[in-house]
1. Within the bounds of region 313-328, is there any residue that is in contact with a strand residue (DSSP E or B) (Cβ under 6 Å, 6 or more places away or on another chain), closer than 22 Å to residue 140 by Cβ, modelled with pLDDT under 90 and surrounded by 14 or more Cβ atoms within 10 Å (Cβ to Cβ)?
2. Out of (1) within 28 Å of residue 284 (Cβ to Cβ); (2) crowded, with 18+ Cβ neighbours inside 10 Å; (3) without any contact (Cβ under 8 Å) to a residue 24 or more places away in the chain, what's the single condition that is false for residue 83?
3. Please pick out the residue among 25, 63 that is crowded, with 21+ Cβ neighbours inside 10 Å and touching a residue at least 40 places away in the same chain (Cβ under 8 Å).
4. Taking region 192-204 only, how many residues are at pLDDT below 85 and more than 21 Å from residue 24 (Cβ to Cβ)?
5. I'm trying to understand the selection: among the residues of region 86-127, which are under 21 Å from residue 292 (Cα atoms) and either in contact with a helix residue (DSSP H, G or I) (Cβ under 8 Å, 6 or more places away or on another chain) or buried (at least 16 other Cβ atoms within 10 Å of the Cβ) (or both)?
6. Say whether the condition of being farther than 30 Å from residue 257 by Cβ and either assigned to a strand (DSSP E or B) or in contact with a helix residue (DSSP H, G or I) (Cβ under 7 Å, 6 or more places away or on another chain) (or both) is met by at least one residue in region 51-63.
7. Would you be able to say whether some residue in region 79-86 is within 29 Å of residue 232 (Cα to Cα) and assigned to a strand (DSSP E or B)?
8. Could you tell me which of the residues 270, 239 is at pLDDT 90 or above, part of a strand (DSSP E or B) and more than 20 Å from residue 311 (Cβ to Cβ)?
């Protein structure tokens, strides 16, 4: 693992794969509001993607557009008509500005998060700064074997500070933040056989943990994973990871149970490193499922049926050696069809 190059903060020239993609993610987890944004670019398909998801008080406020014409984008600014989002680098590998505004849907249940039109909307505007004075941007070797192709990726823990207005309510943000930048032949959510786990966690001590791991259909971790423990001075790399849920659901049934409202109350993680094992627990404070169809899992056959998947994203409070932290936890359930009823 190495520090990312400052020049890599900007968009890259596309490679030779039709589904080449570049993505910029930013996350934060505050006391009364958690959220994340994504800008994605697929130059050969002449489109960009814009995501804004905010979780508060048991509801999700969101906007998502997968098909913004590239002609409506300028650098890291995308205009989807109903919503505009900008990511702007101020100091490479240290400070970014995020701003956005428009009309977002309001979802009080799972079905409304999946809906094209949730039926209720609210104006949203935000002005945020991501600062990372204690951690460089960590560029990792990808571990997804044949699924990684020419993918490059780095991530960085830090702080998110600023304000988010939702309707007539303003939220002041001063919270753990995490950002993620990738580019290459396959998109970030391309799964291995059983999906994947991902989390980015930050603690009051300044320590940060990040993991992305492939998962077998039975729920066990494959040898395709990468991550780190960073304390601002040293980096420790994992040799293995174990994830256990407090629920009793079979891995093949967990997704449908979660969609029905039976989300695990706790996730226990063991992080095995060369010099010992770190253990921490995650308590979800929200649940933001995302439906997705993607053909990248079979990139050699672009005419094959598209894969239907669900990405589960959960803001979490975490405990490690008596210290409290915040972050986001994500898991994908691939090759599923979800019937949400009427």
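The values are calculated or read from the model by the stated rules, or taken from the named source; none is laboratory data. All values reported here derive from a predicted model rather than from experimental measurement. Neighbour counts run over all protein chains shown; Cβ positions are idealised from the backbone, glycine included.
1. Checked against the condition, which is being in contact with a strand residue (DSSP E or B) (Cβ under 6 Å, 6 or more places away or on another chain), closer than 22 Å to residue 140 by Cβ, modelled with pLDDT under 90 and surrounded by 14 or more Cβ atoms within 10 Å (Cβ to Cβ), region 313-328 yields no hits at all.
2. Failing condition for residue 83: (3).
3. Details: 25 fails: crowded, with 21+ Cβ neighbours inside 10 Å.
That would be 63, the only listed residue that is crowded, with 21+ Cβ neighbours inside 10 Å and touching a residue at least 40 places away in the same chain (Cβ under 8 Å).
4. Going residue by residue through region 192-204, those that are at pLDDT below 85 are 192-196.
Checking which are more than 21 Å from residue 24 (Cβ to Cβ) leaves us with 192-195.
Number of matching residues: 4.
5. To start, the set of residues in region 86-127 that are under 21 Å from residue 292 (Cα atoms) comprises 104-119.
Selection gives 104, 105, 106, 107, 110, 112, 113, 114, 118, 119.
6. Scanning region 51-63, I find no residue that is farther than 30 Å from residue 257 by Cβ and either assigned to a strand (DSSP E or B) or in contact with a helix residue (DSSP H, G or I) (Cβ under 7 Å, 6 or more places away or on another chain) (or both), so the answer is no.
7. Filtering region 79-86 down to residues within 29 Å of residue 232 (Cα to Cα) leaves 86.
Remaining after also requiring assigned to a strand (DSSP E or B): 86.
Scanning region 79-86, I find at least one residue that is within 29 Å of residue 232 (Cα to Cα) and assigned to a strand (DSSP E or B), so the answer is yes.
8. Working: 239 fails: at pLDDT 90 or above.
Answer to the selection: 270.
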